[in-house]
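The values are calculated or read from the model by the stated rules, or taken from the named source; none is laboratory data. Everything numeric in this text was worked out from a predicted model, so none of it was measured. So basically every Cβ, Gly included, is an ideal-geometry build from the backbone, and we count neighbours across all protein chains shown.
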Amino acid sequence: MIDLRVLRSEPDTVRELMARRNKPELGALLDQALVFDGRMREISTERDAIRQQVNELSKQVGSLRRSGEDAQAEILSQQSRALGDDEQRLASETDTVAQQLRDVLLRLPNIPHPDAVIGTSDSENPVITGPVNVPDKFADHQRVPHWDTAADLGILDNERAVKISGAMFTMQRGAGATMARALCQYALDQNADAFEEIRPPSLVSTATLTATGQLPKFADDAYSMSKDDLWCIPTAEAPLTSIHAGEVLAEAELPIRYMAHSSCYRREAGSAGRDTRGMLRSHEFDKVEIFSITTPEGAPAMLTELLTRVERVIASLGLPYRIIEICTGDMGQSHHRSFDVEVYAPGCDAWLEVSSVSWFSDYQARRGDIRMKRTGQKGTEFAHTLNASALAVPRVWAAIIENFRQPDGSVSVPAVLHPYMRGITTISAR
């Protein structure tokens, strides 16, 4: 969540930056937050005044009783008890207003970075790198949608996936399944030089999803098990972020770097009938995530590092790609600054997002209470978090099938994946 102290001390600056998100309703939420925050401070002042009066009355009652003036002491005792009732009333109001304030803060998105590109929608996301690896012309045999090629090769069986689990589930088979696994192992190996591998739980608590910003806003897009207060993770970012929830990290420990391969689960609410063929959009998919906790001043360099690592993996696969910066009107709930890596799929004739690289400032750390303590200084402050999709299988898989399709209908496997393919270098019909 955003820093309430900054909103309180610099409301105009926060309003100006938040207005760049092109969501007029955010102004009303900021107003509500300030009203509730103001009432909380008023209550605190009233309670302090009451406690001071009670303390003074207690001293007077003691003095009166010692001097035998019990009747007057009882009058003052009654006044003290009445003030105690007022304090209890304020305590109850404190709980109510505090919850109202928290609800508003949880609904407010992160404040965009001042250097983030200002725009109203995804149509205004500028290309900052590329396109790279784009041939002068794609051959006709590359213009075949991956779902047709995959069906001919027997490596994608969505019909049976739907029979097993329902609409928008996919199932790779044979060399297709092998390549999906190979992609994940390759992405892990490419980042193992600096990132500790984690295999996190796939089910997490409400608090965990709240820390990353998925809740409460995106509850409809998540799979939940209300009986156990557990949710299927939409991305490994969620459990990785909460590894250090409620902890104070020493400055010398930072940056912390984690990576994880996991299945990801998303309802994709409202997407029925859109990009649902083949591997483009599904309720379950595999992804490798890279994640970091840094000092505030170390975050910009880490953002650059994560983006560089993702680009290196995609470039090494030989896929046509480009990098775009996400404008303020298209930013996600938690994002402070964000970039997407997209690959071109000639069979779909579309640029497909395969990675989001994001800096969250202290937004997630504040929600998850992840603090850092600087060497030689008193007190603590919130750390910064960042993450990136090192490789998301479905669209990379689809782009490989289309870009590397051969005239005879087979698919050449990118050379960097050969060590992971059990000797398969070309996927041909079985």
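Out of the residues in the stretch 163-184 that are modelled with pLDDT of 95 or more and aliphatic (A, V, I, L, M), which is surrounded by the most Cβ atoms within 10 Å (Cβ to Cβ)?
Leu183
Search the stretch 317-339 for residues that are in the same structural domain as Leu391 (by TED's automatic domain parsing) and pair each with any residue that is in a strand (DSSP E or B) and among the polar types (S, T, N, Q) when their beta-carbon atoms are under 6 Å apart and the residues are at least 6 apart or on different chains.
So the pair list comes out as Ile323/Thr129; Ile326/Ser338; Met331/Ser338; His335/Ser358; Ser338/Ser358.
Taking Ile256 and the conditions (1) surrounded by fewer than 20 Cβ atoms within 10 Å (Cβ to Cβ); (2) under 20 Å from the mean Cα position of the chain (by Cα); (3) farther than 17 Å from Gly368 by Cα; (4) modelled with pLDDT of 95 or more, which numbered condition does it fall short on, given that it satisfies the others?
The single condition Ile256 does not satisfy is (3).
Residues of the stretch 364-384 being touching a helix residue (DSSP H, G or I) at 6+ places or on another chain (Cβ under 7 Å) and either buried (at least 18 other Cβ atoms within 10 Å of the Cβ) or part of a strand (DSSP E or B) (or both), which ones? Break it down stepwise before answering.
Initially, the stretch 364-384 is screened for residues touching a helix residue (DSSP H, G or I) at 6+ places or on another chain (Cβ under 7 Å), giving 364, 367-368, 372-375, 382-384.
Of everything in the stretch 364-384, those that are touching a helix residue (DSSP H, G or I) at 6+ places or on another chain (Cβ under 7 Å) and either buried (at least 18 other Cβ atoms within 10 Å of the Cβ) or part of a strand (DSSP E or B) (or both) turn out to be Gln364, Arg367, Gly368, Met372, Lys373, Phe382, Ala383, His384.
Let's see how each residue does on (1) under 22 Å from Glu353 (Cβ atoms); (2) in a helix (DSSP H, G or I):
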residue	(1), (2)
Gly130	yes, no
Asp136	no, no
Trp147	yes, yes
Asp152	no, yes
Val162	no, yes
Thr170	yes, no
Gly176	yes, yes
Ala182	yes, yes
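If the Cβ limit is 6 Å and pairs must be 6+ apart or interchain, which residue in the stretch 97-112 that is part of a helix (DSSP H, G or I) pairs with which residue that is at pLDDT 95 or above and of a type in the set (Phe, Trp, Tyr)?
That search, which allows pairs on different chains as well, returns Val97/Phe36; Gln100/Phe36; Leu101/Phe36.
Within the stretch 69-87, track down each residue that is of a type in the set (S, T, N, Q) and in contact (Cβ under 8 Å) with a residue 12 or more places away in the chain. Don't jump to the end; show me each part of the working.
First pass over the stretch 69-87, keeping only residues of a type in the set (S, T, N, Q): 72, 77-80.
Passing the criteria: Ser77, Gln79, Ser80.
For the stretch 24-43, which positions are within 34 Å of the chain's Cα centre (by Cα) and either surrounded by 15 or more Cβ atoms within 10 Å (Cβ to Cβ) or touching a residue at least 40 places away in the same chain (Cβ under 8 Å) (or both)? Steps first, please.
Of all residues in the stretch 24-43, those within 34 Å of the chain's Cα centre (by Cα) come to 24-41.
Scanning the stretch 24-43 gives Leu26, Leu29, Leu30, Gln32, Ala33, Leu34, Phe36, Asp37, Arg39, Met40.
Scan the stretch 195-216 and give yes if some residue there is within 18 Å of the chain's Cα centre (by Cα) and closer than 30 Å to Glu159 by Cβ, otherwise no.
The answer is yes; a qualifying residue exists.
Give me a count of the residues in the stretch 63-77 that are exposed (fewer than 11 other Cβ atoms within 10 Å of the Cβ) and of a type outside the set (D, E, K, R). Please lay out each step first, then the result.
Initially, the stretch 63-77 is screened for residues exposed (fewer than 11 other Cβ atoms within 10 Å of the Cβ), giving 66-68, 71.
Pick out the ones that are also of a type outside the set (D, E, K, R) and you get 67-68, 71.
Number of matching residues: 3.
Residues Ser361, Ser356, Ser389: which one is touching a strand residue (DSSP E or B) at 6+ places or on another chain (Cβ under 9 Å) and in a loop (DSSP other than H, G, I, E, B)? Steps first, answer last, please.
Values: Ser356 fails: in a loop (DSSP other than H, G, I, E, B); Ser389 fails: in a loop (DSSP other than H, G, I, E, B).
Sole residue among the options that is touching a strand residue (DSSP E or B) at 6+ places or on another chain (Cβ under 9 Å) and in a loop (DSSP other than H, G, I, E, B): Ser361.
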